[in-house]
Amino acid sequence: VLQKGFSITASGPLFQWRLCQVEAFKDSLMVGLTEEGHMLLRGLEGITAVQPHSRDHASLFLDHLRRYSPEDLWGFKTVLDSVQDGIARVELIGTFSAARPDWSDKEAVSYAAGYVSRCREWGLLEPRQQQKLYRLSRFGEEVAEEWRGNG
């Protein structure tokens, strides 16, 4: 969070996902949970650190991203689209690089790895590569099919 005069700039997933907001109050900045954030947290009640998370939790989270952070959902879609028939790590990085030519090679590597981890966390990818290829889980296949059907 940056404050310059009367302007406040907030970045990062908590703000991008509309989970919280910042407001100037007297001589300080106050951070508070938004209604959207409250709804997401209520919906994720019972989630644990055990992975992959339940389909219900994953569906709720992905729907939240669809509504409030399509830019972040893009990364999930890119992985699911790329992994349809299995894809190796280097090829997936190439897909991210081609889609975002303004990114450095390190950024493409970082984003590809991050989205693979998050796809595994939400149960969209198999936990381990098979013959050095990423593979969709059954749930990942269902989500990919649904997204293809919805454009």
Helix axis angle, 105-121 relative to the chain longest principal axis, alpha carbon, degrees: 80 degrees
Cα gyration tensor shape for region 39-151, rounded if a/c is under 1.5, else prolate or oblate: prolate
Under 14 Å from residue 132, Cα to Cα: aspartates and glutamates that are on another chain or at least 8 residues apart: 85, 91
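For residue 44 and residue 30, compute 0.36 nm times the residue count separating them, minus their Cα-Cα distance, and round to one decimal in nm. If you can, show how the numbers build up before the last one.
Working: separation 14, 0.36 × 14 = 5.04 nm, distance 2.44 nm.
Difference between extended and current length: 2.6 nm.
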Nearest-ten-degree value, helix 89-99 long axis tilted from longest Cα axis of the chain: 50 degrees
Under-5 Å amide H pairs with residue 87, H placed in peptide plane, nonlocal only: 134
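Bear in mind that the values in this text are calculations on the coordinates, not laboratory data. The structure displayed is predicted, hence computed values, not measured ones.
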